[in-house]
Amino acid sequence: MKSCKQIAAEWGISERTVNDLCKKGKIQGVEKRKGVWQIPETAEKPVDGRITSGKYMKRKTIEGTKSLPIGISDYVRAQSEYYYVDKTMLIKEFLDQKPLVSLFTRPRRFGKTLNMDMLRVFFEISDEDTSIYFRDKAIWKCGEDYTKHQGKYPVIFLTFKDVKYHSWEATLDKIRGLMQAEFGRHLELMDSKKIAEYEKEYFTRIIAGSATEVDLTSALERLSKMLAEHYEKAPIIIIDEYDTPIQEGYAKDFYDEIIGFMRNFFSGAFKDNRYLSYGFLTGILRIAQESIFSGLNNLNVNSVMDEEYDSFFGFTYSEVHKMLEYYGVTDKEDELKDWYDGYLFGSTEIYNPWSVINYISRGCIPRAYWVNTGRNEVLEDVLKAATEDITERLYALLQGERVIARIDQNVVYRALSEDPANIYSLLLVAGYLKTPAKELQADGAYLCEVSIPNREIAAVYKSEILSHLLQIGAITRTTANKIAESLYANDFKKLQQAITEYMDKSISFYDSSAEGFYHGLVLGLIALMDNQYKIKSNRESGDGRYDICLIPRDRKHPGIIMELKSESQLNEEELRALSAKALNQISEKRYDAEMRSDGEGKILKLGIAFSGKHVKIKAEW
């Protein structure tokens, strides 16, 4: 038999979590000896915490149902072999408006690549009858005004979603390979009598992989010209995830090189190109300040703030409900909504499609599927620029609050150094925030209320935003867990030790920090335990405003009120006196009035005093 501590180390979870699993009967064969849990050496870690046997129980797939298209961005395959959510009305909306060039900015994993491939298959001239892939879809019911465009255009299609390299040289090589493959899709041009020999020589350099950087900058323009001459029809150009290499350039220090290349690359394709029928681009950000799209007057930008095309990226409620009915799991609708709904694109409520299909396909087990699909470079970059005020607001978001933020859709990474408040704009377009309320300003920006969309994104705030803001990575997450566990067990001596340990091993500027900083610090550290407590900060109660209040979700736990104070250069005795003063203020100001009115039982009062890296805690029941 093993102890909870030993099992926690083996399974990579906290000792408190193991204790909780034992209490709830989720580990088979456990015994309690002298008040201590003993766990069999052969015990298996529960996969699904909701299963009392401790074993994973996946729902059986209904016989005859199709699989869900996890990671499938090939339209033909997705709609024929998998459960496909019909987004073909995107084609109708586009043909109704006919913008010359459309840029769709959406978070990653929201169906951009699949939608772009759908457009390619619909519009592209092909030797086969590709209308068979649309005859049972919504677009075909719209009539000849729309279906007459099917299969009538040459198409150039590129996706930059995998252009993620550490150097400009490697990035350029990858782009060279992508252009080689795309030119290879149009080998009919080499036999065309309508194409000049010098163009065929250029074509040969691209195919041979010997094209120079200068050659590549004009590749889209020259390929579109050749296609237009051969087919006597100007092509459609589709660029998927155009900003991925730009983000990599920012992170890996070749930003100027990639921006310079892309400016010429896109200018030839989309600016004054008479060999272009329509252009489509997708990405996360609108890169405007570097003038990549300079002079492109016909660029129609559609972002998460716009109502046009609002239902075509991600799943709507009706689409999700229909999917749940198909798989016989409508009883999971509330749970799925809680975890993966909450985005607002325009005025439409949107579910994260990647997470929804993973949730259903994996037996309806709620977890953060979307946040595990990448390194979340956006968070890593923008958090480096966070000021103390921004840090405090990020903690407020973590508590489920709304904060006021200015959203500029044209912001790019470099703007963070000029105004770190742009962090909210980046977090919004990257999928980490939603805008429950917004008001357009005269300069084109929005003044918004922003909040965390759902439980999945709350999870990434815990695991990643706290890791950066608290520098947990430098001291291991064990220290943060110890702080949460000490509060859970009402062990204020252990709490003092854990906070001291964190501050000793962390950054050096605590010596000059103000009380507001320590307030944010403690808020972040205790945010890990919001499953047990509802955390409130700076709220009115009694005759004043308490600093931090932890209201138990289960009445078996006590309520906790914290009052924080800080002064510089205090000795041990003075720091102890300051913690006593903080504790007395809780009683004098009757900060426990809110809890008592709610019928709370035991209440633990904590007076916490800081001076530089030193902390003292005085407690009273």
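The values are calculated or read from the model by the stated rules, or taken from the named source; none is laboratory data. Not measured: the values here are computed from a predicted model. Please note: Cβ atoms are built from the backbone with ideal geometry, for glycine as well, and neighbour counts cover all protein chains shown. The protein model used for the area step is the full one, side chains on, heavy atoms only, and it has no ligands, DNA or RNA in it. Shrake-Rupley method; radii C 1.70, N 1.55, O 1.52, S 1.80 Å.
Summary table below
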| item | result |
| --- | --- |
| Qualifying position, being closer than 21 Å to residue 496 by Cβ, open to solvent by 10 Å² or more (accessible area, probe 1.4 Å), small (Gly, Ala, Ser) and out of contact with any Pro (no Cβ under 9 Å at 6 or more places or on another chain), among 568, 611, 579 | 568 |
| Residue 437 being in a strand (DSSP E or B), open to solvent by 10 Å² or more (accessible area, probe 1.4 Å) and either within 15 Å of residue 345 (Cα to Cα) or free of Cβ contacts under 8 Å to residues at least 40 places away in the same chain (or both) | yes |
| Tabulated pairs, the stretch 341-353, first of a type in the set (Ser, Thr, Tyr), second open to solvent by 10 Å² or more (accessible area, probe 1.4 Å) and part of a loop (DSSP other than H, G, I, E, B), C-beta under 7 angstrom, 6+ apart or interchain | 343/453; 347/307; 347/310; 348/310; 348/311; 348/316 |
| Flag for residue 267 being of a type outside the set (Asp, Glu), open to solvent by 10 Å² or more (accessible area, probe 1.4 Å) and at pLDDT 95 or above | no |
| Close pairs from the stretch 318-335: first at positive phi, partner in a loop (DSSP other than H, G, I, E, B) and open to solvent by less than 70 Å² (accessible area, probe 1.4 Å), Cβ under 9 Å, at least 6 apart | 328/65 |
| Flag if residue 593 is small (Gly, Ala, Ser) and farther than 24 Å from residue 525 by Cβ | yes |
| Qualifying residue in the stretch 412-420 (condition: at pLDDT 75 or above, in a helix (DSSP H, G or I) and touching a strand residue (DSSP E or B) at 6+ places or on another chain (Cβ under 7 Å)) | no |
| Tabulated pairs, the stretch 94-109, first without any contact (Cβ under 8 Å) to a residue 60 or more places away in the chain, second among the aromatic types (Phe, Trp, Tyr), C-beta under 7 angstrom, 6+ apart or interchain | 95/146 |
| The listed residue being assigned to a loop (DSSP other than H, G, I, E, B) and farther than 25 Å from residue 90 by Cβ, out of 194, 200, 174 | 194 |
| Criterion violated by residue 162 - all others in (1) open to solvent by 30 Å² or more (accessible area, probe 1.4 Å); (2) more than 27 Å from residue 254 (Cβ to Cβ); (3) among the acidic types (Asp, Glu) satisfied | (2) |
| Where residue 62 falls short, out of the listed (1) modelled with pLDDT of 75 or more; (2) open to solvent by 50 Å² or more (accessible area, probe 1.4 Å); (3) under 29 Å from residue 314 (Cβ atoms) | (1) |
| Positions within the stretch 204-225 being without any contact (Cβ under 8 Å) to a residue 40 or more places away in the chain and either more than 24 Å from residue 169 (Cβ to Cβ) or not in a helix (DSSP H, G or I) (or both), in sequence order | 209, 210, 211, 212 |
| Any pair with Cβ under 6 angstrom, 6 or more apart, that starts in the stretch 570-585 at a residue that is over 10 Å from residue 606 (Cα atoms) and ends at one that is among the acidic types (Asp, Glu) | 585/563 |
| Hey, residue 112 closer than 25 Å to residue 71 by Cβ, basic (Lys, Arg) and surrounded by fewer than 19 Cβ atoms within 10 Å (Cβ to Cβ) or not | no |
| Residue match in the stretch 490-498 (condition: open to solvent by 30 Å² or more (accessible area, probe 1.4 Å), in a helix (DSSP H, G or I), of a type outside the set (Lys, Arg) and at pLDDT below 70) | no |
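Condition check ((1) open to solvent by 10 Å² or more (accessible area, probe 1.4 Å); (2) part of a helix (DSSP H, G or I); (3) within 23 Å of residue 446 (Cα to Cα)) across all residues:
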position	(1), (2), (3)
258	no, yes, no
307	yes, no, yes
313	no, no, yes
325	yes, yes, no
355	no, yes, no
366	yes, no, no
